[in-house]
Amino acid sequence: MSEFSPSRPARLRRSVLSVPAINRRALDKLSSLDCDAVIFDLEDSVSPEKKAEARENLRAFFAASPLPGKERIIRINGLSSNFGAEDLALVAELEPDAVLLPKVDDPQDVMVVGDWLAEADAPESLRIWAMIETPRGILNAAAIAEAGRTAGSQLDCFVVGLNDLRKETGVLPQPGRPYLVPWLMQVILAVSAYGLEAIDSVFNDFKNAGEFEAECGQGRSMGFSGKMLIHPNQIEAANLHFGPDAAAIAEAEAIISAFSEPGADALNVVNLGGRMVERLHLVQAERLIHKARLIEQRSSGAVAASRIET
Ligand code: COA
Ligand code: MG
């Protein structure tokens, strides 16, 4: 199976900003921010007494501000909590692009929500995202991702949550995340095996630009599509590090042009300036150029880029 199925929408998910749904001032800022996606959080950043008010804020916000060009995701409370069912009903009512499930431990957590949304007649285009942030979530990442293959499954994306994972495991925050890398790569392997995407965890110290940039570079090298953010001042660096740079674009264009030479359609490998390039590199190159176009169109304000279908 091809790594890049052209029927699957390619989206920009470099910068995925979380906003506490209780914070109206922060909600009002969103239309002026250049993030690719917004997570409206009803879970951990909203206290139990404020959950109802946070839901009302989202009702008002969704009615007034469609945020064209940005993917909109609502993070709900777990269904076993007192708040999850009402949150999910709100999701069915507001029809964001996706619902983000916290603390997903096993495939059943995803299936239950898929069934619930189907019964609530939520649109099929409404995707399910899963927070992978518990020891069981990491151990079961492949089985959870496989649930995305089930017919009719709306599972689309994983978001790693290191704050919860550190709390559960005792791993301390450290530059370079040495003890966490094996778990992060397990998540990347799981999403790659089943055609999903993964977003890297938040970085809490939002005034520490240097370490944040280093972590963005690391996340990009590991294969994450983007980073979950907590503060507007993290957007620019995430867009930069998770977007293709000029050298990568030039390289991709050279690969595409090498495979467009007369007679190259019958070749699986070509010589590009003394280097072997395979047809699989062509697939990667086309994907990269597609993303670069989305970014270009987006910065020119031409279209709602995150919704362009390939
Ligand atoms: N989204 C949109 N705007 C935000 C924002 C966010 N996540 N975080 C801060 N802002 C806004 C603030 O409202 C403020 O706007 P103003 O200048 O109009 O007052 C501006 O950016 C500067 O904010 P700053 O004063 O530096 O920070 P703060 O003290 O207001 O907020 C946090 C700091 C960490 C509390 C806040 O960034 C936050 O709540 N982040 C998200 C937390 C979250 O979603 N957690 C759950 C996932 S881990
Ligand atoms: Mg969490």
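Are any residues in the stretch 151-175 under 21 Å from the mean Cα position of the chain (by Cα) and away from ligand 2 (no atom under 16 Å from the Cβ), and if so, which ones?
Gly152, Ser153, Gln154, Leu155, Asp156
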message: Just to check your reading of the model, which residue among Ile235, Ile199 is within 16 Å of ligand 1 (Cβ to nearest atom), in contact with a Phe, Trp or Tyr (Cβ under 9 Å, 6 or more places away or on another chain) and in the same structural domain as Leu27 (by TED's automatic domain parsing)?
response: Ile199
Members of the stretch 115-149 found to be closer than 25 Å to Leu90 by Cα and among the polar types (S, T, N, Q), listed by number: Ser125
query: Take the residues of the stretch 11-29 that are more than 6 Å from ligand 1 (Cβ to nearest atom) and in a strand (DSSP E or B): which is nearest to the chain's Cα centre (by Cα)?
result: Val16
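Can you report the number of residues in the stretch 151-164 which are within 16 Å of ligand 1 (Cβ to nearest atom) and either part of a helix (DSSP H, G or I) or at pLDDT below 95 (or both)?
Initial filter on the stretch 151-164 (within 16 Å of ligand 1 (Cβ to nearest atom)): 157-164.
Those still in the list that are either part of a helix (DSSP H, G or I) or at pLDDT below 95 (or both) too: 162-164.
Number satisfying all stated conditions: 3.
Regarding Gln186, is this residue in contact (Cβ under 8 Å) with a residue 40 or more places away in the chain, out of contact with any strand residue (DSSP E or B) (no Cβ under 6 Å at 6 or more places or on another chain) and surrounded by 17 or more Cβ atoms within 10 Å (Cβ to Cβ)?
Values: in contact (Cβ under 8 Å) with a residue 40 or more places away in the chain: yes; out of contact with any strand residue (DSSP E or B) (no Cβ under 6 Å at 6 or more places or on another chain): yes; surrounded by 17 or more Cβ atoms within 10 Å (Cβ to Cβ): no.
The answer is no for Gln186.
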- line: Of the conditions (1) within 16 Å of ligand 1 (Cβ to nearest atom); (2) surrounded by fewer than 19 Cβ atoms within 10 Å (Cβ to Cβ), the single one that Gly170 does not satisfy is (1)
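Within the stretch 28-47, which residues are free of Cβ contacts under 8 Å to residues at least 60 places away in the same chain and surrounded by 21 or more Cβ atoms within 10 Å (Cβ to Cβ)? I'd like the intermediate steps shown before the answer.
From the stretch 28-47, those free of Cβ contacts under 8 Å to residues at least 60 places away in the same chain are 28, 30-32, 38, 40-47; that's our starting set.
Residues satisfying the conditions are Val38, Phe40, Asp41, Leu42, Glu43, Val46.
The values are calculated or read from the model by the stated rules, or taken from the named source; none is laboratory data. For clarity, every value in this text was computed on a predicted model and none was experimentally measured. Cβ sites come from the backbone with ideal geometry, for glycine too, and all protein chains shown count toward neighbours.
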